[in-house]
1. So for the range 51-70 (the condition being farther than 24 Å from H4 by Cα and modelled with pLDDT under 70), does at least one residue qualify?
2. Applying the selection to the range 92-113, what residues are of a type outside the set (A, V, I, L, M), over 15 Å from the mean Cα position of the chain (by Cα) and either outside any loop (DSSP other than H, G, I, E, B) or under 16 Å from L63 (Cβ atoms) (or both)?
3. List every residue pair whose Cβ atoms lie under 8 Å apart, where the two residues are 6 or more positions apart in sequence or sit on different chains, the first residue falls within the range 117-134 and is under 9 Å from V58 (Cβ atoms), and the second residue, located anywhere, is open to solvent by 60 Å² or more (accessible area, probe 1.4 Å) and modelled with pLDDT of 80 or more.
4. Taking the range 31-50 as the search range and keeping residues that are among the hydrophobic types (A, V, I, L, M, F, W, C) and open to solvent by 70 Å² or more (accessible area, probe 1.4 Å), which one is modelled with the lowest pLDDT?
5. Looking only at residues in the range 1-30 that are assigned to a loop (DSSP other than H, G, I, E, B), out of contact with any strand residue (DSSP E or B) (no Cβ under 7 Å at 6 or more places or on another chain) and modelled with pLDDT of 75 or more, which one is most open to solvent (accessible area, probe 1.4 Å)?
6. State all residues of the range 114-127 that are part of a loop (DSSP other than H, G, I, E, B) and within 11 Å of the chain's Cα centre (by Cα); if no residue qualifies, say none.
7. Sort through L125, L103 and tell me the only one that's surrounded by 17 or more Cβ atoms within 10 Å (Cβ to Cβ) and of a type outside the set (D, E, K, R).
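The values are calculated or read from the model by the stated rules, or taken from the named source; none is laboratory data. Note that the coordinates shown come from a computational prediction; the quantities given were computed from them, not determined experimentally. In this analysis, Cβ positions are derived from the backbone assuming ideal geometry, glycine residues included, and neighbour counts consider all displayed protein chains. For accessibility, only protein heavy atoms count, side chains too; no ligands or nucleic acids. Shrake-Rupley method; radii C 1.70, N 1.55, O 1.52, S 1.80 Å.
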Amino acid sequence: MARHGVVAWGIAPPGPHEVPEAVSLWFSGAMQGKMDYLQQHLSLKVSAGNVLEGARAVISAALPYGLAGAVDGVPWPVAGYAWGVDYHLRVQETLTAVARECLPQGSFRVVVDSAPIPERYVAVLAGVGFVGKS
């Protein structure tokens, strides 16, 4: 995986996962602003089996997305993922290549912010990430 740029990865059970109380409180306090779509399919987020029938595991991967850039020598506090190709496409392409190598005969589904999976919480369970304040 390292040759594909994956800097950390881990495996989590497919669910069911509890959607943390903090998430419910966040929505009940209307903290999502105009991002109401985040509440859609909330009930599906309890298990990866809702996204891929028969899922036996969820692999969570971390890829670096770069640092702030500069335009005409002036630094911009914009993360590297915001420059150029949509990171969703780049990460999905990368992880699809990894999945094909790891599971040449198996079934898988690569998702990058595109399916009702509680990514942050799965990443914690897989030992790859943590849940911050953002």
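1. The answer is yes, given that some residue of the range 51-70 is farther than 24 Å from H4 by Cα and modelled with pLDDT under 70.
2. R100, E101, C102
3. L125/P13; A126/W9; A126/I11; A126/I59
4. The first filter runs over the range 31-50 and keeps only residues among the hydrophobic types (A, V, I, L, M, F, W, C), leaving 31, 35, 38, 42, 44, 46, 48.
From what's left, open to solvent by 70 Å² or more (accessible area, probe 1.4 Å): 31, 35.
Values: M31: 68, M35: 71.
Filtering the range 31-50 for residues that are among the hydrophobic types (A, V, I, L, M, F, W, C) and open to solvent by 70 Å² or more (accessible area, probe 1.4 Å), the one modelled with the lowest pLDDT comes out as M31.
5. Within the range 1-30, the first condition is being assigned to a loop (DSSP other than H, G, I, E, B), and the residues that meet it are 1, 5-7, 13-20, 29-30.
When the remaining residues are screened for being out of contact with any strand residue (DSSP E or B) (no Cβ under 7 Å at 6 or more places or on another chain), the result is 5, 13, 15-20, 29-30.
Right, trim to modelled with pLDDT of 75 or more and you get 5, 13, 15-17.
Numbers: G5: 30, P13: 73, G15: 30, P16: 114, H17: 21 Å².
Here the residue is P16.
6. Of the range 114-127, the ones part of a loop (DSSP other than H, G, I, E, B) are 114-118, 126-127.
The answer is S114, A115, P116, I117, P118.
7. Values: L103 fails: surrounded by 17 or more Cβ atoms within 10 Å (Cβ to Cβ).
None of the other options fit; the residue is L125.
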